[in-house]
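Following: one structure in structure tokens, then a few remarks.
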Amino acid sequence: MKALHDWFFQNKRDFPWRQNPTPYRVWVSEVMLQQTRASVVVSYFERWMALFPDIQALAAAPLSQVIKAWEGLGYYARARNLHLGACQIVEQFGGEIPRDASLLKTIRGLGPYTIGAILSFGFRQRAVAIDGNVTRVLARLFAIEQRVDQQAVKQLLAQKTEALLDREMPWVTAEALIELGATLCTPKPVCAVCPLSEQCLALAQGKAELLPLKKEAPKTTVLRRAVGVIEAEGAILLKQVQQGKVMAGLYEFPYFEMGKERWGMRRVAEEVAQLFDLEVEVVQKLPEEVHTFTRYKAHLFPTHLRAFHRKAIPGYEWVSRHSLGSIPFSAGHKKILTRLP
Ligand code: SF4
């Protein structure tokens, strides 16, 4: 693995979480990186560390502040789990992240990859950390022609990764494999400059781009939603998404599923009037926004409406316009908010 280590030391990207990789910084960065590109994560990570520099600060913060700091990264369960995990570490482990895999497994939201990363990069232990990038590298390096989502194949990959780890600096091998998968051994691999090209079986067999084998991703479901941005007396009507739903804790404007229909602005006003028993008038149509989350692609068709009076509506809140900036919105509705005149 000398060639891999040499390549890594010469080519690794400079990210803030790679400077001073404490277990806490590794944990936060790895959770942020799970569904988000590293270049996007950088500013979120730096802001997070300024707000919550350690486990104690994160555990003491209100959940609403944690969600707000996550706004725009999506998959908000990750932020909620980080907060719950920090509270758990303070209560059960005196605020210190345990350095043992069996204890780490008991912490909310920590899966095998994140545990491996914390042990390897944070504690510099001999541990495997296999994410999608490493899976791709290993499947190609050893020309594994079985589906990599199968448990037996995952175990095989873990054994092969463990065998590759350097005796002196196993954390360097672990991180170098991730870096290789993120930069060279990508879906369209750049084998010509790869430090593993001489050992790579998939390259030798002309199969690099065909591996790894995976089960088919679930099809995307398209949603079409008419959104009512209802304003009255300087406030906007919003709903906080309930716990247990994908966007739990975030705020959204009221919306209606349109299915295959196309609603005009009058129709949206009528539906709003009927649902909330509110007298409203159309102000204007706002631009369509598209928001993708989990396996959904939501097309949002917003209409700006004015209500003639404000009345209490169970499950909804009237939020003054000057407070909107401090409220965490789901990504699609945040886009609508930024277009609101
Ligand atoms: S030689 Fe190509 S396919 Fe093999 S590990 Fe390197 S980049 Fe990936």
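For this structure, a couple of remarks:
- The chain: angle of helix 2-11 to the longest principal axis, Cα-based, in degrees nearest 10: 40
- Normalised contact order of the stretch 119-262, rounded percent, pairs of Cα under 8 Å and 6 or more residues apart: 24
- Note on the stretch 142-263: Rg/Rh from C-alpha atoms, Kirkwood Rh, equals 1.23.
- Entry note, the stretch 114-200: relative contact order of 35 percent, from Cα contacts under 8 Å with a spacing of 6+ residues.
- Projecting the Cα positions of SER323, VAL222, LEU278 onto the charge dipole of the chain (unit charges on Cβ atoms of Lys, Arg, Asp and Glu, taken about the Cα centre) puts VAL222 furthest along the positive direction.
- Per residue, the average separation of C-alpha pairs within less than 8 Å and at least 6 apart gives the stretch 221-339 a relative contact order of 37 percent.
- Relative to the longest principal axis of the Cα atoms of the chain, helix 77-93 runs at roughly 60 degrees.
- With θ taken as phi - 60° and the Karplus curve 6.51 cos²θ - 1.76 cosθ + 1.60 applied, the whole-hertz 3J(HN,Hα) list for the stretch 19-36 is 8, 6, x, 6, x, 5, 5, 5, 4, 4, 5, 5, 5, 5, 7, 4, 10, 9 Hz, x standing for glycine and proline.
- Highest-MSF residue in the chain out of GLU281, GLU216, GLU271 [GNM, Cα springs under 10 Å]: GLU216
- Segment THR220-LYS245, length gained on full extension (0.36 nm per residue, minus Cα span): 7.2 nm
- Ellipticity at 222 nm from helices only: DSSP H runs of n ≥ 4 in the chain, each -39500 (n - 2.57), divided by the residue count, give -12000 deg cm²/dmol.
- Put simply, the amide H of VAL283, placed in the peptide plane, has neighbours under 5 Å in HIS304, LEU305, ARG306, leaving out anything fewer than 5 places away on its chain.
- Sorted largest first, extent of the stretch 1-126 alpha carbons per principal axis (Å): 46, 32, 22
- Descending principal axes extents, the chain, alpha-carbon based, whole Å: 72, 49, 34
- Estimated FRET transfer efficiency (LYS311, THR186; beta-carbon r; R0 56 Å; 0.05): 0.55
- Of the beta bridges in the chain, as assigned by DSSP with both residues counted there, near 60 percent are antiparallel.
- Over 32 Å apart at the Cα level, from the set LYS12/LYS245; LYS311/LYS334; LYS68/LYS188, are LYS12/LYS245; LYS68/LYS188.
- Cα pair count fraction exceeding 23 Å, expressed as % - the stretch 68-208: 44
- Long-range amide H partners of ILE236 with built H, under 5 Å: VAL319, SER320, ARG321
- A straight line joining the Cα centroids of the stretch 225-239 and the stretch 136-163 runs 51 Å.
- Where labels lie 7 Å past Cα in the beta-carbon direction, separation of THR106 and ARG266 in nm: 6.5
- Relative to the dominant Cα principal axis of the chain, helix 132-141 is inclined by about 30°.
- Each Cα pair of the stretch 221-339 feeds into the Kirkwood radius, which the Stokes-Einstein equation turns, at 37 °C and 0.692 mPa s, into a diffusion coefficient of 227 µm²/s.
Coordinate-derived values only; no laboratory data. Here the structure is a predicted model, which means the values were calculated and not measured. Glycine also receives a Cβ, built like all others from the backbone with ideal geometry; neighbour counts cover every protein chain displayed.
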